[in-house]
Structures are given as structure tokens and as C-alpha cells.
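> Structure in C-alpha cells, see below.
The values are calculated or read from the model by the stated rules, or taken from the named source; none is laboratory data. Not measured: the values here are computed from a predicted model. For neighbour counting, all protein chains shown are included, and Cβ atoms are generated from backbone atoms with ideal geometry for every residue, glycine included. When the accessible area is computed, the model is the full protein with side chains, heavy atoms only, and any ligands, DNA or RNA have been set aside. Shrake-Rupley method; radii C 1.70, N 1.55, O 1.52, S 1.80 Å.
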Amino acid sequence: MQLFKHLGVMIVCGIALLACNSGSNTTSSNSPFQPTTITLPSGTTITIPSTNLYVPHNQTLQVPITIVGGNLASGESLVILANSERQSQDAITSSSLQESLNYTDTPFTSISPTVISVSPHVTDTVYLDIDDSNGTTGSYSISLTVKDVNTDAIYVHKQKLLYYIVKHTCSTSELHSCNKTNCYAYVSPARTSVNQDGHIQYSAIAIKPDSYDNCFADITQQTAWSSTVENIASIDESGQITPINLGDTLINAGSNTYNINYLWSQSSELTVMPSVPFPEGYGNVSITDLSDVTYSCRNGFNKPIYLMLNNATGILGQVVSGNAELDGYLLHVDHSDIPIRIGENGYGEGLAFFAGHPFVLNITDCQKNKSYPTTISYGATINGYKYPNTVVYIKVID
């Protein structure tokens with residue numbers, strides 16, 4: 001089971017001499033349960049569950065994006081990019097959309113992983129995260145763009161996805177009036193891991209989007225929780241996880257009080273990791289010397305960045321799963337499951353970020369805020385053991 005986490009930036013047609021092409025797009029009606037699908041020329045489809053999303057204030061909504069490789073998708077590597085825009089007050093009551101120049105109160109959107117390798121007819125899932133911890137109540141839209149890394153072709157999804165930050169808390173009577181066609185709930189986290197001696201609190205948030213005042217409510221205590229593999233991890237009636245053995249399980253949720261559709265993350269993926277010290281002979285993870293590596297607001301990295309593993313004499317010939325996270329102003333990219341194959345000399349390396357990628361596409365805003373720290377955090381996992389994460393800084397230029 002692969003765990004993916006967050007990527008978030010915007011792409012603009014024409015940046016860095018990349019050609020813009022439009023794949024065929026099919027968009028559903030505005031029902032919160034109907035999907036939006038983007039179809040690329042390769043036949044690969046990218047499906048998002050909803051064109052109208054409702055996000056509770058000060059919460060993160062994790063929305064799964066399903067990717068199915070088409071007939072011509074062999075070797076296709078995709079980057080999906082998202083940008084969140086605030087709508088004007090008029091746009092709440094009309095169809096017109098206006099982009100705001102003020103990003104300070106715009107929720108953060110991200111998609112993971114950095115690069116998605118697509119195979120014909122193979123299905124994969126990544127998550128769109130809408131984080132309202134810094135946002136404000138109101139009406140927003142998301143612009144989606146897909147880049148094929150192999151060909152540099154860019155496919156712009158023409159129709160923006162609408163979503164709303166709701167602040168009103170549902171009353172008991174509103175919740176009791178719910179049915180599975182007008183209320184839904186999602187479970188958080190949708191994918192996560194926990195150490196064998198750790199704990200995780202799951203939550204369930206109900207949304208009622210069809211009333212005059214859209215509302216949400218924490219229904220964690222009114223949710224029936226279960227684990228599909230109880231000898232891996234158990235979960236109590238309050239949503240608290242107790243890890244037991246190493247491995248994977250699904251955390252299932254259902255309402256035992258309200259007639260609500262548990263949408264999208266009803267079966268959340270959980271991996272239990274070891275909590276024992278890291279064994280000798282597994283070596284040390286390092287990263288490309290960043291002394292001469294810079295990040296440009298306009299052009300991305302000037303050099304590729306590699307994850308490296310040294311002195312791993314105890315795991316010769318095995319593959320270490322690396323992870324790297326790039327974090328800066330208006331920039332957050334997670335790259336999970338980077339393969340690092342250990343050679344006979346105990347050394348291996350894997351590409352974390354290639355030169356020129358990713359692009360920060362709001363160039364002006366990046367340049368204005370380049371004094372904000374930009375960091376790369378990296379680590380790895382092998383045989384269930386997790387290397388500790390290390391954080392380093394890189395220089396941002398115009």
C-alpha cells in the first residue's frame with residue numbers, strides 16, 4: 001500500500017516555453033456526488049468526485065483523484081497541478097468568476113505525489129487537499145492543469161471546480177433531516193501511517209450542502225468505526241486507533257445515528273510502522289550538496305536533486321523507498337516512494353527533483369516573498385523501518 005501526500009501549485013499556459021494543448025474534458029452537473037473527468041490524448045482519465053465541494057471552516061478536505069491509464073499510457077508520467085482562487089462577492093450569486101490578487105486568505109490546495117507514473121488500464125489514487133487553516137469563509141474555485149513530464153505537453157482543464165468554505169454548524173434537527181442524497185460525510189485522515197507505539201485520532205465530518213445556509217458538524221462520536229484487520233490495528237467508538245502489529249488495514253466508517261452517505265474516504269488506509277530503533281548496517285540518507293543549487297521563481301531548480309544512501313551494507317540489493325518534500329511560499333511538493341536500489345558497495349541514489357521542476361507559477365508573488373524560507377525535507381523507509389527526516393534550506397532567486 002503506497003501512501004501519498006501533498007503537492008500544491010498553479011500552472012499557467014505558456015510558462016517556460018511549454019506548449020499548451022487541451023485534452024477532451026467531460027464535466028458533470030453540479031451535484032456534490034457527480035464526478036468531473038479529464039481525458040488526455042493517451043486515453044488516460046483523471047476523475048474528481050465532485051464539481052461542487054464544501055469544506056468545513058478550519059478543516060482539511062481530502063478528495064481522491066482517480067487516475068486510469070489509457071491504451072497509449074505506457075511510460076506516461078504526469079504532474080497534476082492545482083491553484084485555488086477566491087471568487088468575488090458577486091460570483092456567489094452569479095456564474096462569473098473573478099481572480100483575487102490577495103492570496104493571504106486563500107485556502108491552500110495541494111495534490112500528491114510529484115510525478116505519477118501511469119500504466120495502461122492501471123488505476124491509482126492521489127488526493128487533492130483543500131486546507132482552510134488559513135482561509136476564510138466564502139466561495140472559491142480550483143484550476144487544474146496536467147503536465148506530461150516525458151513530452152512537456154500541458155493539458156488545461158477548461159472548467160474550474162467550485163468549492164465553498166462553510167462556517168455554520170449544523171443543528172441536531174438539520175442532521176436528523178439528512179438523507180443519503182442531501183447529506184454526506186468524509187473521514188480524516190484518508191491515508192496515514194502510525195508507529196507501533198503511537199496513536200491516531202480519526203474524525204468524521206458531516207456536510208449538508210443543500211440548505212440555505214450550508215452547514216457542517218463533527219459526527220465522530222455518532223460514527224460506527226471498524227478495522228478490517230483487527231490484529232493490525234483496532235479502533236474504538238471514539239475513533240481512537242490502537243496499533244497492534246505491523247501491516248496494513250482499512251478503517252471503515254458508517255453512521256449509527258444519521259442517514260448520511262459516507263463519501264470518498266469511508267475506507268481509509270492505515271499502515272502500522274515499527275517503533276524500534278533503526279538497525280545498524282542500513283546506512284545514512286543524504287541529499288545532493290545544495291551549496292550550488294538554487295530555486296528560481298520563474299524556472300524552478302537549476303540542477304537535479306538526488307537522494308543518496310551510503311554505507312548500507314546490511315541491505316545490499318534491496319530497494320529503499322525515499323521521500324522528499326519541498327516547502328516554500330506558495331509552494332509545497334511531496335514526492336513519495338522514490339526508489340533507491342542499494343548496490344554491492346552499499347551505495348544507492350534516486351532522483352527526488354529534476355532540474356526545472358516544479359514551477360512556481362505565480363511568479364510575481366513568489367518574487368515578492370522569496371525571503372520566506374524554502375526547505376527540502378527528506379527521509380526514507382526500508383523493511384518497515386523509517387529513517388529520520390532531515391531538513392535543509394535552499395536559496396530562492398528571481
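> Rounded to two decimal places and with Rh computed the Kirkwood way over Cα pairs, what is Rg over Rh for the range 259-347?
Over the Cα atoms of the range 259-347, Rg/Rh equals 1.11.
> Give the whole-number value, in cubic angstrom per residue, of the convex hull volume spanned by the C-alpha atoms of the range 226-300.
Working: hull volume 15.1 nm³, N = 75.
Taking only Cα atoms, the range 226-300 has a hull volume of 202 Å³ per residue.
> Once you have the Kirkwood Rh of the range 289-398 from its Cα pairs, apply Stokes-Einstein at 4 °C and 1.567 mPa s and quote D in µm²/s.
Values: Rh = 14.7 Å.
For the chosen part, D equals 88 µm²/s.
> Another question, then. What length, rounded to one decimal in nm, is gained on full extension from S117 through to T136, with 0.36 nm per residue of separation minus their alpha-carbon distance?
Details: separation 19, 0.36 × 19 = 6.84 nm, distance 3.51 nm.
Result for the pair: 3.3 nm of gain on full extension.
> In addition: Given a 1.4 angstrom probe, what's the average accessible area per residue across the range 150-211, in square angstrom? Walk me through the numbers before you get to the answer.
Values: 2740 Å² over 62 residues.
Dividing the accessible area of the range 150-211 by its residue count gives 44 Å².
> In whole percent, what relative contact order does the range 243-398 give with Cα contacts below 8 Å and a gap of six or more residues? Walk me through the numbers on the way to the answer.
On the way: 332 pairs, mean separation 37.8, N = 156.
Value for the range 243-398: 24 percent.
> Follow-up. With a point put 7 Å past each Cα toward its Cβ, work out how far T390 is from E230 in nm, to one decimal.
In this crude spin-label approximation the distance works out to 4.4 nm.
> Separate question: If you average 1/r over every pair of different alpha-carbon atoms in the range 113-229 and take one over that average, what Kirkwood value in Å do you get? Don't skip to the answer; put the middle values down first.
Working: mean 1/r = 0.0558 Å⁻¹.
Here the Kirkwood hydrodynamic radius works out to 17.9 Å.
> Full-extension gain between K368 and V319, please, as 0.36 nm times their residue separation minus the C-alpha to C-alpha distance.
Numbers: separation 49, 0.36 × 49 = 17.64 nm, distance 4.11 nm.
Stretched out fully, the K368 to V319 stretch lengthens by 13.5 nm.
> So between K303 and F354, what do we pick up on full extension, going 0.36 nm a residue minus the alpha carbon distance?
Working: separation 51, 0.36 × 51 = 18.36 nm, distance 0.68 nm.
Result for the pair: 17.7 nm of gain on full extension.
> Could you work out what % of the accessible surface of the range 264-379 is carbon and sulfur, using a 1.4 angstrom probe and leaving DNA, RNA and ligands out of the count?
The computed percentage sits at 48.
> Convex hull volume of the Cα atoms in the range 177-314, per residue, in Å³? Intermediate values should be presented prior to the final figure.
Values: hull volume 24.0 nm³, N = 138.
Dividing the Cα hull volume of the range 177-314 by its residues yields 174 Å³.
> For the range 225-267, what is the accessible area per residue in Å², given a 1.4 Å probe and the full set of protein chains?
Working: 1950 Å² over 43 residues.
Here the residues of the range 225-267 average 45 Å² of exposed surface.
> Pop a pseudo-label 7 angstrom from the Cα along the beta-carbon direction at both N71 and N179 and give the gap in nm to one decimal.
So the label points at N71 and N179 sit 4.3 nm apart.
> Cross-link list K167/K370; K147/K368; K303/K370; K160/K368: which exceed 29 angstrom alpha carbon to alpha carbon? It would help to have the intermediate numbers written out before the result.
On the way: K167/K370 33 Å; K147/K368 26 Å; K303/K370 19 Å; K160/K368 27 Å.
From the list (K167/K370; K147/K368; K303/K370; K160/K368), the Cα-Cα distance tops 29 Å for K167/K370.
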